[in-house]
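Q: Encoded as structure tokens, here's the structure I'll be asking about.
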Amino acid sequence: MRILLAFDKYKEALSAAGACRAVAQALEADGIAVVERPLTDGGEGFCSLLTDAAAGKFTQLQVEGPLGEWREVSLGWVDIDSLPQAIRNKLASHASGKQSAKLAVIGMADAAGLEQVAPAFRDPWRTTTLGVGRLLSRAVDSAADAVVIGLGGSATIDLGLGALAGLGFRFLDSEGNSCLPLPANWPSIVSIQLPAQPYLDALPSIFLACDVDNPLFGERGAGVVFGLQKGLRKADLPRWESLAHKMANLLEEAMATDTRFRDLSGAGAAGGFGYGLALALKAQIVPGFQWVADWLELKSVMESVDCVVTGEGRWDRGSLSGKGPHAVAELAARMGKKVGVFAGAVEADAAAEMQKAYPKVSVLAITPKGLDLPQALAQTEENLLQKVRQWLR
């Protein structure tokens, strides 16, 4: 028997790579052949997993974290020629036919991640994407031919303006002083000054990998959908929306463009990061899971195995949106493979819907009944191994 292990992270318990390695070691000891393909949804692990998968290298940088604290963060470097043809095709077609030689890989969550902020300090009025901009600036200065940024897991709703500040955009108050464009400072900002046009014209192709299609504003916008997850109070939503409209107006005025980027699919991703970089840097928003699947050559790997094992921390209605383990399970099921999905917690209706659509897919909770959350988190690896072995028997 040959098995593909394609786990996503088990939040606060086990990384995607850690889950794959732990289960692989156990199954290999049982004489089972295993292929490991840790997953990332664009959040935690995006840079490390993709760079490692392509045998790339890392540059370590000190950049500002979401609260302005200094953090050591990795910038990944990959030779384009070493990537699967599907990814090389994406880069060639999106870079005006230029076959890039060097691709920089950035994980937004590494420099602006929600998990880097303790719950008591989660205040998206004061979190910034500045560190992401520093990483992007280093990639530009190091002559990257293209850059891919994984969007997800961020602590921010700053429209990506912090990242633009890291690239030399200046946000000025009424006296001409520069302000860090935290949402808390938006009331003081009256204009935006761009970097020199030759710098903007020379930027490499930038790709934003994400799997949400939210616009910037409205009921499905960055504030309503993502702000509340990051600590924004519901009562503050109208104020944030008003100030965000103001900042969007200023950025559009500075870039001499109209409002069309606000409704771009994915503009609201990562607290409006998709909007800011698409408008100001001509970044292109690309489907995150498909990018990762092509990078890891998941389809061809699936053709060579007997069954597929995947999973994440929680399986609920949100899991059915086509990202991560759901997309893996769906692809494998369509190829006629037996599939096991293992989650720390499982919402019964979501599991039933998946199994109705794909009868060969088993969705299983790994946590024994009655186990409280701290114990469950501490025993995640043990519970995962036990459940996978039971399922295989």
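The values are calculated or read from the model by the stated rules, or taken from the named source; none is laboratory data. The structure presented is a predicted model; accordingly, all values stated were derived computationally and were not measured. A quick note on method: Cβ atoms are made from the backbone with ideal geometry, for glycine too, and the neighbour counts reach across all protein chains shown. Please note that ligands, DNA and RNA were not included when accessible areas were found on the heavy atoms of the full protein model with its side chains. Shrake-Rupley method; radii C 1.70, N 1.55, O 1.52, S 1.80 Å.
Q: Could you tell me the calculated FRET efficiency between Gln197 and Glu219, based on Cβ-Cβ distance and R0 = 51 angstrom, to the nearest 0.05?
A: Details: r = 37 Å, r/R0 = 0.73.
Taking R0 as 51 Å, the efficiency between Gln197 and Glu219 is 0.85.
Q: So between Arg314 and Glu12, what do we pick up on full extension, going 0.36 nm a residue minus the alpha carbon distance?
A: That works out to 107.6 nm of additional length.
Q: Return the single residue from Leu114, Leu331, Leu135 with maximal mean-square fluctuation; model: Gaussian network over the chain, springs between Cα atoms under 10 Å.
A: Highest fluctuation of the listed residues: Leu331.
Q: On average, how much accessible surface per residue is there in the chain, in Å², for a 1.4 Å probe, leaving out ligands, DNA and RNA?
A: Using a 1.4 Å probe on heavy atoms only, each residue of the chain averages 42 Å².
Q: Using a simple spin-label model with points 7 Å from Cα along the Cα→Cβ vector, what separation in nm is obtained for Glu353 and Ala86?
A: It works out to 2.5 nm between the two label points.
Q: Sort the following peptides by mean Cβ neighbour count (other Cβ atoms within 10 Å, averaged over residues), highest first: 289-296, 192-199.
A: The packing order, highest mean first, is 289-296, 192-199.
Q: Under a 5 Å amide H to amide H cut-off, with H placed in plane at 1.01 Å, what residues pair with Val34 once short-range neighbours are removed?
A: HN-HN under 5 Å from Val34: Ile3.
Q: I would also like to ask the following. Mean residue ellipticity at 222 nm from the helices of the chain, using -39,500 (n - 2.57) per DSSP H segment of n ≥ 4 over the full residue count, to the nearest 500 deg cm²/dmol?
A: -10500 deg cm²/dmol
Q: Which is the longest part of the chain that has none of the GluC sites (Glu not before Pro) sitting in a DSSP loop with at most 13 other Cβ atoms within 10 Å?
A: In the chain, the maximal stretch lacking such sites is 220-393.
Q: Leaving ligands and nucleic acids out of the surface, order His326, His245 by accessible area at 1.4 Å, largest first.
A: Most to least solvent-accessible, the answer reads His245, His326.
Q: Any idea what the dipole of the chain comes to, in debye rounded to 20, about its Cα centre with Lys/Arg Cβ at +1 and Asp/Glu Cβ at -1?
A: 600
Q: Now, a different point. Kindly flag which residue pairs out of Lys299/Lys338; Lys9/Lys230; Lys11/Lys356; Lys90/Lys230 have an alpha-carbon separation exceeding 23 Å in this structure.
A: Beyond 23 Å between Cα atoms: Lys11/Lys356; Lys90/Lys230.
Q: At 0.36 nm per residue, minus the direct Cα-Cα distance, what do Ser174 and Lys282 gain on full extension? Give it in nm, one decimal, please. Walk me through the numbers before you get to the answer.
A: Details: separation 108, 0.36 × 108 = 38.88 nm, distance 2.83 nm.
Full extension from Ser174 to Lys282 adds 36.0 nm.
Q: Applying the Karplus parametrisation 6.51 cos²θ - 1.76 cosθ + 1.60 with θ = phi - 60° to the phi angles of the stretch 346-355, what ³J(HN,Hα) value in whole Hz is obtained for each residue in order, glycine and proline being reported as x?
A: In residue order, the calculated couplings are 10, 7, 4, 5, 5, 5, 4, 5, 5, 6 Hz.
Q: Pick from Ala270, Ala352, Ala24 the residue whose mean-square fluctuation is largest in a GNM of the chain, springs joining Cα atoms under 10 Å.
A: Ala352
Q: Also, quick follow-up: Using the alpha-carbon atoms, what tilt in degrees (0 to 90, nearest 10) does helix 85-94 show relative to the longest principal axis of the chain?
A: So the helix axis and the longest Cα principal axis differ by about 20 degrees.
Q: What shape does the stretch 328-387 take by its C-alpha gyration tensor, where a ≥ b ≥ c are the square roots of the eigenvalues and a/c under 1.5 counts as rounded, a/b above b/c as prolate, and the rest as oblate?
A: Note, shape of the stretch 328-387 comes out prolate.
Q: Oh, and also: So between Lys299 and Met335, what do we pick up on full extension, going 0.36 nm a residue minus the alpha carbon distance?
A: 12.1 nm
Q: Read through the labelled values (i) 0.96; (ii) 0.94; (iii) 0.98 and report the label of the one computed as Rg/Rh (Cα atoms, Kirkwood Rh) from the structure.
A: The calculated read-out lines up with (iii).
Q: In degrees, nearest 10, range 0 to 90: what is the angle between the Cα axis of helix 269-281 and the longest Cα principal axis of the chain?
A: With both axes taken from Cα atoms, the answer is about 50 degrees.
Q: Relative to the first principal axis of the alpha-carbon coordinates of the chain, what is the inclination of helix 16-29, with its axis defined by its Cα atoms, in degrees from 0 to 90 and to the nearest 10?
A: Between helix and principal axis, roughly 20 degrees.
Q: How many angstrom separate the Cα center of the stretch 110-169 from the Cα center of the stretch 195-264?
A: What the calculation gives is 14 Å, centre to centre.
Q: Could you please state, rounded to a whole Å, how far the C-alpha centre of the stretch 1-61 is from the C-alpha centre of the stretch 327-393?
A: Here the answer is 17 Å between Cα centres.
Q: Starting from the 7 Å offset along Cα-to-Cβ, what nm value, one decimal, do you get for the label separation of Ile32 and Lys246?
A: Label at Ile32, label at Lys246, 5.8 nm between them.
Q: How would you classify the stretch 155-229 from its alpha-carbon gyration tensor, with a ≥ b ≥ c the square roots of the eigenvalues: rounded for a/c under 1.5, else prolate if a/b is greater than b/c, otherwise oblate?
A: oblate
Q: Can you work out the Karplus-derived ³J(HN,Hα) for every residue in the stretch 302-308? Use 6.51 cos²θ - 1.76 cosθ + 1.60 with θ = phi - 60°, whole Hz, and x for glycine or proline.
A: Values per residue, Gly and Pro as x: 4, 5, 9, 10, 8, 8, 10 Hz.
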